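The values are calculated or read from the model by the stated rules, or taken from the named source; none is laboratory data. Small disclaimer: the values here were computed from a predicted structure and weren't measured. Please note: Cβ atoms are built from the backbone with ideal geometry, for glycine as well, and neighbour counts cover all protein chains shown. Side chains included, ligands, DNA and RNA excluded: accessible areas come from the protein's heavy atoms. Shrake-Rupley method; radii C 1.70, N 1.55, O 1.52, S 1.80 Å.
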Amino acid sequence: MSGNHCLYLHIGTPKTGTSSLQEYLAANSKALEEQGFLFDTKEPLRDLIKDIDSDASRYTNGSWILKSMDEVANNIFNREFLYIANMDIKALSQMAEVDFSDYSSTFRRYIASTEELLEKQNVILSNEILWSIPPIYLKQLYLHFHERIRVIVYLRRQDFLLESFWNHAIRKSVTTVPFDGYIS
């Protein structure tokens, strides 16, 4: 790969404004592109995220990483990745030792297309669900992009986290319980 372009991987933890940032990036994608940054939300596999997280923003991208992990898990262990991530530490550690490009056509395809894009510009991937799965995907991306990958993680003060979840539940009509009742 030539050029100094980077892959920016935005991993927003819950309730840190990730969706707002994604909406901003999407609304300003033309201006970003003029500055050499691509934030594309037309990814064909974006709908995978909605199967996992029905509350996912329509401005996410990078869900091919999750699809790749699932393909690897199915090709090696005949099981879904989320099952392995939650139930089988031994299998998870074995997955960490393989090159995903040997087991996932999705991974190969998107690595190749991302490499092509990086020839001309920086690429931004952002997806809320990525914060909650093991760092295997970081290792896989590092294997292919080395020092050209940058990880952006938003954190929040934990003393406001519960209140933020409650506000979200109120907005989505999941609960009408007052905050005092919600925390108990």
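Please tell me if SER101 is within 21 Å of LEU7 (Cα to Cα), modelled with pLDDT of 90 or more and either open to solvent by less than 80 Å² (accessible area, probe 1.4 Å) or not in a helix (DSSP H, G or I) (or both).
So SER101 passes the test.
Return the residue satisfying two criteria in turn: it lies in the range 126-147 and is in contact with a helix residue (DSSP H, G or I) (Cβ under 7 Å, 6 or more places away or on another chain) and modelled with pLDDT of 80 or more, and of such residues it is nearest to LEU9 (Cα to Cα).
SER126
Please verify whether the range 160-176 includes one or more residues that are modelled with pLDDT under 85, out of contact with any helix residue (DSSP H, G or I) (no Cβ under 6 Å at 6 or more places or on another chain), open to solvent by 30 Å² or more (accessible area, probe 1.4 Å) and under 26 Å from ALA31 (Cα atoms).
Among the residues of the range 160-176, not one is modelled with pLDDT under 85, out of contact with any helix residue (DSSP H, G or I) (no Cβ under 6 Å at 6 or more places or on another chain), open to solvent by 30 Å² or more (accessible area, probe 1.4 Å) and under 26 Å from ALA31 (Cα atoms), which makes the answer no.
Across the range 89-98, what is the number of residues that are open to solvent by 60 Å² or more (accessible area, probe 1.4 Å) and under 23 Å from ARG148 (Cα atoms)?
1
Residue by residue, here is whether (1) farther than 24 Å from SER68 by Cα; (2) touching a residue at least 40 places away in the same chain (Cβ under 8 Å); (3) touching a Gly at 6+ places or on another chain (Cβ under 7 Å) holds:
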residue: MET95; (1), (2), (3): no, yes, no
residue: TYR103; (1), (2), (3): no, no, no
residue: PHE107; (1), (2), (3): no, yes, no
residue: LEU138; (1), (2), (3): no, yes, no
residue: LEU141; (1), (2), (3): no, yes, no
residue: ILE152; (1), (2), (3): no, yes, no
residue: PHE179; (1), (2), (3): yes, no, no
